[in-house]
1. Within segment 70-81, work out how many residues are without any contact (Cβ under 8 Å) to a residue 24 or more places away in the chain and at positive phi.
2. Just wondering, is there one or more residues in segment 76-98 that are within 16 Å of residue 19 (Cβ to Cβ), open to solvent by less than 80 Å² (accessible area, probe 1.4 Å) and either modelled with pLDDT under 85 or more than 13 Å from the chain's Cα centre (by Cα) (or both)?
3. Filter segment 39-48 down to residues that are open to solvent by less than 60 Å² (accessible area, probe 1.4 Å), out of contact with any helix residue (DSSP H, G or I) (no Cβ under 8 Å at 6 or more places or on another chain) and not β-branched (Val, Ile, Thr), then give me how many there are.
4. Does residue 38 meet the test of being part of a helix (DSSP H, G or I) and modelled with pLDDT of 85 or more?
5. Report yes if some residue within segment 17-27 is open to solvent by 10 Å² or more (accessible area, probe 1.4 Å), in contact with a Leu (Cβ under 7 Å, 6 or more places away or on another chain) and not acidic (Asp, Glu); otherwise report no.
Amino acid sequence: MQTPTADATGHPASGFTPTDLAALNDLSAAALGQQRWSKCKVVHEPFADYLAAWAIDAGNSEPPNLAIARFKRTGTYALTIGTLVVATSPSLNKILPAIWHVLAGGEREAAAIA
């Protein structure tokens, strides 16, 4: 059984930190302002926190096309586009460049870096 890792402050791994939420808020504001996403939502589940984002042309019943998650047990971050895991890292700061790449060039280009 894997033991939980510690976050940057030495506390047991958990969901998004206040710093994470501030960075994700900035990212969301930029993506919504650029009309890259039609909506986004932070969700807190027992196993992970995640930001779900929908493309501009997504219908109301479609699943999000992009998600950024932090798994509570391990503290690992993951970026997914559709069902493809594009990046994983112990730090959101290592995931953010891939997300900004998505905003700059689109989901297909980001999928190519996986």
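1. Looking only at that region, the number is 0.
2. no
3. Residues that pass the stated criteria total 1.
4. Here the answer is no, as residue 38 does not meet what is asked.
5. Scanning segment 17-27, I find at least one residue that is open to solvent by 10 Å² or more (accessible area, probe 1.4 Å), in contact with a Leu (Cβ under 7 Å, 6 or more places away or on another chain) and not acidic (Asp, Glu), so the answer is yes.
The values are calculated or read from the model by the stated rules, or taken from the named source; none is laboratory data. Values in this document were obtained by computation on a predicted structure and should not be read as measured data. FYI the Cβ positions are ideal-geometry reconstructions off the backbone, even for glycines, and counts take in every protein chain you see. Heads up: the accessible areas ignore ligands, DNA and RNA and are worked out on the full protein's heavy atoms, side chains in. Shrake-Rupley method; radii C 1.70, N 1.55, O 1.52, S 1.80 Å.
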